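**Student:** Got a structure for you, questions after.
The values are calculated or read from the model by the stated rules, or taken from the named source; none is laboratory data. Quantities reported herein were computed from a predicted structural model and do not represent experimental measurements. Please note: Cβ atoms are built from the backbone with ideal geometry, for glycine as well, and neighbour counts cover all protein chains shown.
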Amino acid sequence: MQWQYSSAGSARPALIRIILTAALAIAGVAAAEAYRDPVDPTAVPATAAAVADATGVPSGIPLRDPVPGEFDRQIRGAIDDALKLPEPPQPAPSPWRAIAVRNGENLSQLFGDLGLPATDCAAVMQLGGDAAQLRHLRVGDVLNLRIENQRLAELTYALDEARTLDVRRGAGGLSATTLTSAIEHRSVATSGSIQDSLFVDGRRANLSDRMIMQFADVFGYDIDFAQDLQQGDRFAVVYDQIYKNGRKLRDGDILAAEFINQGHIFKAVRHVDAGGHAAYYSADGHCLKKAFIRTPVDYARISSGFSLNRMHPILHRMRAHQGVDYAAPIGTPVKATGDGRVEFAGRKGGYGNFIVIRHWGPYETAYGHLSRFKPGIHAGTQVHMGEVIAYVGMTGLATGPHLHYEFRVNGVHVNPVTVPLPRAEMIQGTQALASFRTETEPLLAQLDSAVNNRLASASPPVQKN
């Protein structure tokens, strides 16, 4: 291989200087040998010093071989080292390319689009272990690749938040390694007050949309965020942030939260039981989850309330309105407010498209004026609380798009907005309750600190269990 030197000129002059220096050194050694006293070799230190001054050979070099031929070998070794050419610079690694998987793509197609041979794809697929996950790429997955000489040099793929698959080419071909990084959890506290809406003011407090929705879900059993909010209501949240190698990956779950609504305090703290099930509890260990959520439509306004004597807007006569109407655009998802089984799903008179769900015990709920049912919803279908079952419409006797929602206890219509909802049980067992308190006390203390930093209420709110 020939080496090119740029602005410094040719290597030839430097090489000549090295050779001349080496020649002078050899000549100086020869001169020193010629002047050495055969009787007393140590009697000529001045001559050695003079030779060193004349030739540049260090005076510390012995002028008599302790071992025959050793002196010559040292000199020739020094000359060989001086004449060695510098090691060629290593080529810089090829740049990384990030490839996002699109709909219908697989590893073979991605490699083909990059000009990689099919043998590289086959070799990756044969690696086994965690590399087998490359057979099941999902839309949005990202592969990071380096390509050298039209062959795969290295590939990385995030298996999950903590593990990364690393495939790289070595002397023996491609090999795969799974790298594990430590995941760090940091708890962050924020607080705010309601001036406009939960979404607007939550964002002002640096909460993401997902965190705001989770906050509404936590307290959704007790608060109707579409109807119950008042200006001046306050909130505080302690939530998890997840980091990897010092870089934030995402927000985690809400760890503790407080909402002061119309002077009443609602608190929640997250707890994972011995079976690994996570839920939100009050500070004294009562599970906040009830058998029903309060509203079947997110953030819709009530256009007509529960009444035993209302003028019907179409029939123009007084009749009972045995439910609540939620005004919302056509197509808005409608959720089952509790676990149960669909008893009826079809057309029913003035209700239009109508669903009735039988829940446990004496409870039934009903949903009217639907535009359509979710596919798979029919009589006999088992549904879960919060599951989408249909979509808002204006079928039947309706003057505009809205959901008509009914809540029945033992067949009697009751006001869905005010009916007391049955609550789940509290944590059972002395040891389990003690563990709960030990786990949640630091979170509640952090929550109280966030509240105290902002609290400026003129009248103390009333604690509500």
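Rundown of residues vs (1) farther than 17 Å from Tyr405 by Cα; (2) under 39 Å from the mean Cα position of the chain (by Cα), yes/no style:
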residue	(1), (2)
Gly340	no, yes
Tyr351	no, no
His359	no, yes
Tyr363	no, no
His369	no, no
Phe373	no, yes
Ile377	yes, yes
Gly380	yes, yes
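**Student:** Looking only at residues that are of a type in the set (Lys, Arg) and in a loop (DSSP other than H, G, I, E, B) in the range 249-300, which one is farthest from Met211 (Cα to Cα)?
**Tutor:** Ranking the qualifying residues of the range 249-300, first place goes to Arg294.
**Student:** Also, I was wondering about something else. Would you call Leu207 among the aliphatic types (A, V, I, L, M), assigned to a loop (DSSP other than H, G, I, E, B) and in contact with a strand residue (DSSP E or B) (Cβ under 7 Å, 6 or more places away or on another chain)?
**Tutor:** Values: among the aliphatic types (A, V, I, L, M): yes; assigned to a loop (DSSP other than H, G, I, E, B): yes; in contact with a strand residue (DSSP E or B) (Cβ under 7 Å, 6 or more places away or on another chain): yes.
Spelling it out, Leu207 is indeed among the aliphatic types (A, V, I, L, M), assigned to a loop (DSSP other than H, G, I, E, B) and in contact with a strand residue (DSSP E or B) (Cβ under 7 Å, 6 or more places away or on another chain).
**Student:** Can you tell me which residues in the range 149-165 are among the acidic types (Asp, Glu), more than 15 Å from Ala123 (Cβ to Cβ) and touching a residue at least 12 places away in the same chain (Cβ under 8 Å)?
**Tutor:** Glu161 - this is the single residue of the range 149-165 that is among the acidic types (Asp, Glu), more than 15 Å from Ala123 (Cβ to Cβ) and touching a residue at least 12 places away in the same chain (Cβ under 8 Å).
**Student:** Which one of the conditions (1) part of a helix (DSSP H, G or I); (2) at pLDDT 95 or above; (3) among the hydrophobic types (A, V, I, L, M, F, W, C) does Val392 fail to meet, given that it meets all the rest?
**Tutor:** For Val392, the exception is condition (1).
**Student:** Moving on. Looking at the range 413-443, which of its residues are in contact (Cβ under 8 Å) with a residue 60 or more places away in the chain, part of a helix (DSSP H, G or I) and either in contact with a helix residue (DSSP H, G or I) (Cβ under 9 Å, 6 or more places away or on another chain) or of a type in the set (Ser, Thr, Tyr) (or both)?
**Tutor:** Thr440
**Student:** A further question follows. Out of curiosity, is Arg203 closer than 29 Å to Val101 by Cα and either free of Cβ contacts under 8 Å to residues at least 24 places away in the same chain or over 19 Å from the mean Cα position of the chain (by Cα) (or both)? Full working, then the answer.
**Tutor:** Working: closer than 29 Å to Val101 by Cα: no; either free of Cβ contacts under 8 Å to residues at least 24 places away in the same chain or over 19 Å from the mean Cα position of the chain (by Cα) (or both): yes.
No: the conditions fail for Arg203.
**Student:** Let me ask you something else. Would you call Gly361 in a loop (DSSP other than H, G, I, E, B), assigned by TED's automatic domain parsing to the domain that holds Ser307 and in contact with a strand residue (DSSP E or B) (Cβ under 8 Å, 6 or more places away or on another chain)?
**Tutor:** No; evaluated as a whole, the condition is false for this residue.
**Student:** If you take the residues of the range 343-362 that are surrounded by fewer than 20 Cβ atoms within 10 Å (Cβ to Cβ) and of a type in the set (A, V, I, L, M, F, W, C), which of them is nearest to Thr395 (Cα to Cα)?
**Tutor:** Phe344
**Student:** Of the conditions (1) more than 22 Å from Leu443 (Cα to Cα); (2) of a type outside the set (Lys, Arg); (3) surrounded by 20 or more Cβ atoms within 10 Å (Cβ to Cβ), Phe215 fails just one. Which one is it?
**Tutor:** Only one criterion is unmet by Phe215, namely (1).
**Student:** Given the structure, is Ala328 at pLDDT 95 or above and closer than 20 Å to Thr295 by Cα?
**Tutor:** no
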